[in-house]
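Nothing in this text is a laboratory measurement; each read-out follows from the coordinates by a stated rule. From a predicted model like this one, the values you see are computed outputs, not experimental measurements. All Cβ positions, glycine included, derive from the backbone under ideal geometry; neighbour counts span all protein chains shown.
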Number of protein chains: 2
Amino acid sequence: MSDVAANVLGTQVDADSEEAFLQAYDAGEFEHPSVTVDVALLSAWEHQLFTLVIRRAEHPFRGCWALPGGFVGMQESLDEAAARVLRDKAGLEGVFLEQLYTFGDPQRDPRTRVITVAYYALVDSARFRGVNVDEADRGVAVIDVPWEAETGGPVEFADEQGGTLLTAFDHSAIVGMAVKRIRGKLNYTPVGFQLLPLEFTLRDLQVVHETVRGHPVNKDSFRRRMLASGELEATGRRQGDVGHRPAELYRFARRSAV
Amino acid sequence: MSDVAANVLGTQVDADSEEAFLQAYDAGEFEHPSVTVDVALLSAWEHQLFTLVIRRAEHPFRGCWALPGGFVGMQESLDEAAARVLRDKAGLEGVFLEQLYTFGDPQRDPRTRVITVAYYALVDSARFRGVNVDEADRGVAVIDVPWEAETGGPVEFADEQGGTLLTAFDHSAIVGMAVKRIRGKLNYTPVGFQLLPLEFTLRDLQVVHETVRGHPVNKDSFRRRMLASGELEATGRRQGDVGHRPAELYRFARRSAV
DNA sequence: TGAATAGTGTCTATAAGACAATATCCC
DNA sequence: GGGATATTGTCTTATAGACACTATTCA
């Protein structure tokens, strides 16, 4: 195969043999799938996990709730596309955002082949509540995780009164994978901070861990572990307006510029 | 926007507003990126990690070494595409194969926009050596990891004499991510078995762990931890042909059908 | 003062690291 | 028997869980 042929084909990434070329050609190489990003924006308060959903106005899944998403532009990276979606659809910038998994079942979108690169983002509850939830098609879904630990699998969405929300596409599997990922991450990284404001008490942090993991954690050993980790920085200030002894406020020692 | 418009567009995944529609349209929605899968096939022996590479016959990166890869067919899932690549390019079936990360930098392929969904696969050294390495364009690359623990970052490829191998595209970053992933997995899953034959000694398993992690592990506690995990099953047989007391052979208790 | 949670100190159980002692194979 | 590694047992140290006790704030 000549370089010219490779250029005409235009998309040949692994032209290591004639067979590979022919195979790619036979597979209808001129037809390409669509590529999108979907973002599971997670937050936590009152011992519940939440995610931002948007009501679909059109078929398929009209009236169902979907994660914010959009097409990947030809000139932007995947990370940039995800950040753009988060900015345009949730008005959020500078939050924790990480690639999660790519979903590519040929039937996942009934119209045409759409491969989606799923991301997940974490924000504290104040910023999450500040998202334009006023708009009629925006919604806050309570995440109901029907499995323990890191088993994995789809989750269910409910409104804040407990009513089931119908989910579009495979988005409940995406959020399920996000929950599984963040549960795993809690074991060895300080990702829980991303769900809290800049300053927080040890109890706040413990509640976040319990919410994500779905079960209580030992208070004593949690405090010891967190303080020994070196990731926390005491501010010297204390919380106010509580009907009991106020706890000291801490800050994440290497919080990335937000 | 009407359903008809959505169908004409054909790829509209999140038609929640007129703005979203226009934005997708303006972004040149009829132009789609190419989507490929690349597979980092890893194995380990003699305290070194190896990966299968294929020499590129054409530009770009002519003469450099690339991971086996191929286009995702319009009718196959991502997992199926990765399994097909592994079968066609390495002659392997039924091995551990898992999605790793999706690389989508707009400049990663100099010809056109190619988004690749990277996978990694694990095989024992005997099966790896059985791969058609005889063909002139197949190669075995020694993986040199220039970072500790789970820092992450690209790795370097060398031939078995220590000479540097030039890497195509971002494939050294893909393998770097695979090494990072498997190092993390060793902490909480029995993925090390995938790099060993059906039966193995505790020392074999320890050497695999040391090879992946890049540093020695404590023998006593390693043995205790593995035996206590319940993942190992003693076969009652012992290894032969060694110039010392032969160790007992174990088997992974829930080894998936291979 | 009482309610409520923060924070400290101590004891116990479990897992990891260190190391010595014994076992078993091939030569 | 000698060389080499397997396997067991014991001691020490670090960490987690349990729990009692003291501290501090507001109502």
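I'd like the distance separating the alpha-carbon centroids of the stretch A:33-68 and the stretch B:203-258, in whole Å.
45
Rounded if a/c is under 1.5, else prolate if a/b beats b/c, else oblate: with a ≥ b ≥ c from the C-alpha gyration tensor eigenvalues square-rooted, which is the stretch A:34-125?
In terms of gyration-tensor shape, oblate.
What are the nm distances, shortest first, from residue B:254 to its equivalents in the other copies, labels at 7 Å along Cα→Cβ?
Listed shortest first, these distances are 3.4 nm.
Distance check, please: which entries in B:89/B:219; B:185/B:219; A:185/B:89; A:89/A:219; A:180/B:89; A:89/B:185 exceed 28 angstrom between their Cα atoms?
Over 28 Å apart, Cα to Cα: B:89/B:219; A:185/B:89; A:89/A:219; A:180/B:89; A:89/B:185.
Can you work out the Karplus-derived ³J(HN,Hα) for every residue in the stretch B:45-62? Use 6.51 cos²θ - 1.76 cosθ + 1.60 with θ = phi - 60°, whole Hz, and x for glycine or proline.
Rounded to whole hertz, the list is 7, 6, 6, 9, 9, 10, 9, 7, 10, 10, 7, 7, 8, 10, 6, x, 6, 3.
Between residue A:31 and residue A:160, what is 0.36 nm times their sequence separation minus the Cα-Cα distance? Round to one decimal in nm.
Difference between extended and current length: 42.1 nm.
Show me B:62-69, A:64-71, A:90-97 ranked by packing, highest mean number of other Cβ atoms within 10 Å first.
Highest mean packing first, the order is A:64-71, B:62-69, A:90-97.
Averaged over its residues, how many other protein chain Cβ atoms are within 10 Å of peptide B:86-97's Cβ atoms?
Rounded to a whole number, the mean comes out at 1.
Looking at chain B only, what percent of DSSP beta bridges run antiparallel? Nearest 5 please.
Given both bridge residues lie in chain B, the antiparallel proportion sits at roughly 75 percent.
So what is the 222 nm mean residue ellipticity for the protein assembly as shown from helices alone, if each DSSP H run of at least 4 adds -39500 (n - 2.57) and you divide by all residues, rounding to the nearest 500 deg cm²/dmol?
Roughly -8500 deg cm²/dmol at 222 nm, from the helical runs in the protein assembly as shown.
How well do other chains shield peptide B:113-123, expressed as the mean number of their Cβ atoms within 10 Å of each residue Cβ?
3
Can you compute the charge dipole magnitude of the stretch B:104-242 about its Cα centre, using +1 on each Lys and Arg Cβ and -1 on each Asp and Glu Cβ, nothing else charged? Give it in debye, rounded to the nearest 20.
560
Using a basic spin-label model with each label point 7 Å from the Cα along Cα→Cβ, how many nm lie between residue B:198 and residue B:48?
3.0
Taking N as the number of residues in the stretch B:125-258, what is its alpha-carbon radius of gyration divided by 2.2 N^0.38 Å?
Relative to the 2.2 N^0.38 Å estimate, the stretch B:125-258 comes out at 1.19.
Can you give the mean number of other chain Cβ atoms that lie within 10 Å of the Cβ atoms in peptide B:99-110?
5
Rank by packing, highest mean first: peptides A:159-165, B:239-245, with packing defined as the count of other Cβ atoms within 10 Å averaged across residues.
The packing order, highest mean first, is A:159-165, B:239-245.
I need the chymotrypsin sites (Phe, Trp or Tyr not before Pro) found in the stretch B:126-164, filtered to DSSP loop residues with at most 14 other beta carbons within 10 Å of theirs.
B:147
Using a label point 7 Å beyond Cα on the Cα-Cβ vector, give me the inter-copy distances for residue B:163 in nanometres, one decimal, shortest first.
Taking the point 7 Å beyond Cα along Cα→Cβ, the inter-copy spacings are 7.1 nm.
Report, for residue A:234, each distance to the same residue's label point in the other copies, shortest first and in nm; define the point 7 Å along Cα→Cβ.
Listed shortest first, these distances are 5.2 nm.
Please give, to one decimal in nm, the separation of the simple spin-label points placed at residue A:217 and residue A:112, each 7 Å out from Cα toward the Cβ.
Rounded to a tenth, the inter-label distance reads 4.5 nm.
Please work out whether the protein assembly as shown counts as rounded, prolate or oblate from its C-alpha gyration tensor, where a ≥ b ≥ c are the square roots of the eigenvalues and a/c under 1.5 means rounded, while otherwise a/b larger than b/c means prolate and anything else oblate?
Cα axes put the protein assembly as shown in the oblate bin.
Between residue A:227 and residue B:136, take the C-beta separation as r, use R0 = 45 Å, and let me know the FRET efficiency to the nearest 0.05.
E between residue A:227 and residue B:136, to the nearest 0.05, is 0.15.
Once you sort the root eigenvalues of the Cα gyration tensor of the stretch A:50-181 as a ≥ b ≥ c, which label holds: rounded (a/c under 1.5), prolate (a/b larger than b/c) or oblate (the other case)?
rounded
Just want to confirm a number: the relative contact order over chain B, from Cα pairs under 8 angstrom separated by 6+ residues, in percent.
17
How high is the FRET efficiency from residue B:188 to residue A:245, r the C-beta distance, R0 41 Å, rounded to 0.05?
0.65
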